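Q: The structure's right below; bear with me while I get my questions together.
The values are calculated or read from the model by the stated rules, or taken from the named source; none is laboratory data. Given the structure is predicted, the values throughout are model-derived calculations rather than measurements. Cβ placement follows ideal geometry from the backbone for every residue including glycine, while neighbour counts extend to all protein chains displayed.
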Amino acid sequence: MDDIPANNFLQTIIAEDLAAGRVTTVVTRFPPEPNGFLHIGHAKSISVNFGLAQANGGHCNLRFDDTNPEKETPAFIEAIEEDVRWLGYQWHGEVRFASSYFQQLYDWAVHLVEQGDAYVCDLTPDQAREYRGTLTAPGRNSPFRDRSVEENLDLLARMKAGEFADGSRVLRAKIDMSSPNMNMRDPILYRIRKVAHHQTGNDWVIYPTYDFAHGQEDAIEGVTHSICTLEFEDHRPLYDWFLDHLPVPARPRQYEFGRLNPSYTITSKRKLKQLVDEGVVAGWDDPRMPTISGMRRRGYTPAAIRRFCDMIGTTRSDGVVDVAMLEFAIREDLNENAVRAMCVLNPLKVVLTDYPADKVERLSAARHPNREDLGERDLPFTREIYIDADDFREEANKKYKRLVLGKRVRLRNAYVIEADEVVKDDSGEIIEVRAHTIPDTLGENPADGIKPKGVIHWVSVSEGRPAEVRLYERLFNHEAPDKGDNAFMDHINPQSLSVVSRAWIEPALADAEPEQQFQFEREGYFVADRYDHRTDKPVFNRTIGLRDTWTDS
């Protein structure tokens, strides 16, 4: 696994803790809520938590903070586990769940009530908001704040027993309604939710809040460094307050780092869910989605994602990261590792009139120009081939370096050819080019000294195979689609997906394994679709173009 980069302030903290003996074994955790798929921001958190533990000889727990069963499903749990493994990380021991600690958390809630540090409140949600105050005005004490310990214990037990309706009562910590930190104004610890839980079934009808559960879960698991994103900085005093007021077995410390906010991207689970629910995308793993599953299906690699996370560093400030950095990381990875192949996206037939009709010549080409270890591939060459329609013109100026009537071009890894005439349909569209090969030009320049104008790709008509190719672009055409007053749905890129239903591919591509990656020469980087690709119906997704066309345009 990659080393922790120097621009990681958390590594400095951990190194100092180890050197001073404050910590002997580093324990971190990655604590997703299973209410959606993980996205690129989570990839950063995964790389930080798992990477720091690994770099320092410790371990990282995978724990699902499943305290909100109405929005959580086992399918999300399975997807998250798979994403973590795919990125190249392995959690310590068994998968953990907040729900496994529900009884202990309830016992600690009782402890707070017994100590006079928590009370049952009957305010409605609207009343509670009114009593809470604002950023500039202090809150007011709930009229139920001074209930006796005995009454609170009775009401809490009856909440647990299911006597009261959803939302009718909550358990709150008794802290300070005049605190300038809104999180300290008697926060909710438990609320009534009479819904089945995916792990505990109908055992509970009250569920702890994230703020109450999180620090105690860390303490139970012996977490030494509880690392989260910067929006939780204002929650840290509450995190510490609970640890100070409960008989927890360990004392974790919370640290915050700047979250990952790539340009042209949204990372709000609520908004990602809206894209799915409204059919803008085909699902959480649509290749246009910034989810890890979506990026995987599009052809991004774990190495590229981890490299990107390293490139941006780990700092104490939030900011927008240019998504071009992520695109650079995947181009760099695939340029080094992706097998080369040829695919014609817009086929135009070329008939080589001097070539025998029944001949199939077996040419060969490197699977990668700089990787001898990847070997060579078979290229069947025949009288009829397809080239891309954009690679032919009847007339063109000298800047056009492709096939022109009366001019020459080299076919990639094959012969030099010269175009002689065209065949058109009734509407005047070119449907066929007739050409001839220049003798003895397989790997050689023409003997007559007339060099070809350029090099184009091709595929045999009879030996090649049809394929569906899905051309993906960025989902949003605005750099900050949900910033300020921007309605992110107004910035959907209408060209984010176009489908070529009958591209033409080298025959061996039909046998590609799902998720196998290629550079289609002169076209970009592509991957065999994880789910839809079959030998009898090949499907490829474009991962990224060969160069950044967004900044070029």
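Q: Restricting to the range 51-87, name every residue that is within 21 Å of the chain's Cα centre (by Cα), under 22 Å from residue 315 (Cα atoms) and free of Cβ contacts under 8 Å to residues at least 40 places away in the same chain.
A: Hit for the range 51-87 is 60, nothing else.
Q: Given the conditions (1) surrounded by fewer than 21 Cβ atoms within 10 Å (Cβ to Cβ); (2) outside the structural domain of residue 371 (by TED's automatic domain parsing), report the number of the one that residue 298 does not fulfil.
A: Against the list (1) surrounded by fewer than 21 Cβ atoms within 10 Å (Cβ to Cβ); (2) outside the structural domain of residue 371 (by TED's automatic domain parsing), residue 298 comes up short only on (1).
Q: May I pose another question? Can you run down the residue pairs with Cβ atoms below 9 Å, 6 or more apart or on separate chains, where the first is in the range 499-521 and outside the structural domain of residue 296 (by TED's automatic domain parsing) and in contact (Cβ under 8 Å) with a residue 60 or more places away in the chain and the partner is buried (at least 24 other Cβ atoms within 10 Å of the Cβ) and of a type in the set (Gly, Ala, Ser)?
A: Every condition considered, no pair remains.
Q: Pick out the one residue from 472, 531 that is within 27 Å of the chain's Cα centre (by Cα), over 22 Å from residue 362 (Cβ atoms) and surrounded by 17 or more Cβ atoms within 10 Å (Cβ to Cβ).
A: None of the other options fit; the residue is 472.
Q: Take residue 79 and tell me if it is over 30 Å from residue 297 (Cα atoms) and not aromatic (Phe, Trp, Tyr).
A: Taking the combined requirement at face value, the residue does not satisfy it.
Q: Now for a separate question. Could you tell me which residue of the range 475-486 is farthest from residue 298 (Cα to Cα), considering only residues that are touching a His at 6+ places or on another chain (Cβ under 8 Å) and buried (at least 18 other Cβ atoms within 10 Å of the Cβ)?
A: 481
Q: If you don't mind, there's one more thing I want to ask. Which residues, counting only those in the range 182-193, are on the phi < 0 side of the Ramachandran plot and in contact with a strand residue (DSSP E or B) (Cβ under 9 Å, 6 or more places away or on another chain)?
A: Of everything in the range 182-193, those that are on the phi < 0 side of the Ramachandran plot and in contact with a strand residue (DSSP E or B) (Cβ under 9 Å, 6 or more places away or on another chain) turn out to be 184, 187, 188, 189, 190, 191, 192, 193.
Q: For residue 486, indicate whether it is under 28 Å from residue 266 (Cα atoms) and either outside the structural domain of residue 322 (by TED's automatic domain parsing) or in contact with a helix residue (DSSP H, G or I) (Cβ under 9 Å, 6 or more places away or on another chain) (or both).
A: It is false that residue 486 is under 28 Å from residue 266 (Cα atoms) and either outside the structural domain of residue 322 (by TED's automatic domain parsing) or in contact with a helix residue (DSSP H, G or I) (Cβ under 9 Å, 6 or more places away or on another chain) (or both).
Q: Report those helices (runs of 4 or more DSSP H) wholly inside the range 229-332 carrying at least 2 residues which are more than 17 Å from the chain's Cα centre (by Cα).
A: The qualifying helices (runs of 4 or more DSSP H) are 236-245.
Q: State all residues of the range 65-86 that are out of contact with any Ser or Thr (no Cβ under 9 Å at 6 or more places or on another chain), in a helix (DSSP H, G or I) and not aromatic (Phe, Trp, Tyr); if no residue qualifies, say none.
A: 70, 71, 74, 75, 77, 78, 80, 81, 84, 85
Q: Kindly provide the set of residues from the range 487-508 that are within 25 Å of residue 329 (Cβ to Cβ) and surrounded by 18 or more Cβ atoms within 10 Å (Cβ to Cβ), ordered by number.
A: If the condition is that a residue be within 25 Å of residue 329 (Cβ to Cβ) and surrounded by 18 or more Cβ atoms within 10 Å (Cβ to Cβ), then 488, 496, 497 are the ones that fit.
Q: Next up: Would you check which residues across the range 198-254 are among the aliphatic types (A, V, I, L, M) and more than 21 Å from residue 187 (Cα to Cα) and list them?
A: Of everything in the range 198-254, those that are among the aliphatic types (A, V, I, L, M) and more than 21 Å from residue 187 (Cα to Cα) turn out to be 220, 223, 227, 250.
Q: Something else: Of the residues that make up the range 359-368, is at least one in contact (Cβ under 8 Å) with a residue 12 or more places away in the chain and within 30 Å of residue 429 (Cα to Cα)?
A: Checked the range 359-368: at least one residue is in contact (Cβ under 8 Å) with a residue 12 or more places away in the chain and within 30 Å of residue 429 (Cα to Cα).
Q: Evaluate the following for residue 339: is it without any contact (Cβ under 8 Å) to a residue 24 or more places away in the chain and among the β-branched types (Val, Ile, Thr)?
A: Spelling it out, it is not the case that residue 339 is without any contact (Cβ under 8 Å) to a residue 24 or more places away in the chain and among the β-branched types (Val, Ile, Thr).
Q: Can you confirm whether residue 166 is touching a strand residue (DSSP E or B) at 6+ places or on another chain (Cβ under 6 Å), of a type in the set (Asp, Glu), surrounded by fewer than 16 Cβ atoms within 10 Å (Cβ to Cβ) and over 16 Å from residue 114 (Cα atoms)?
A: Yes; evaluated as a whole, the condition is true for this residue.
Q: Give me the residue from the range 42-83 that is crowded, with 17+ Cβ neighbours inside 10 Å and among the β-branched types (Val, Ile, Thr) and, out of that set, nearest to residue 197 (Cα to Cα).
A: 67
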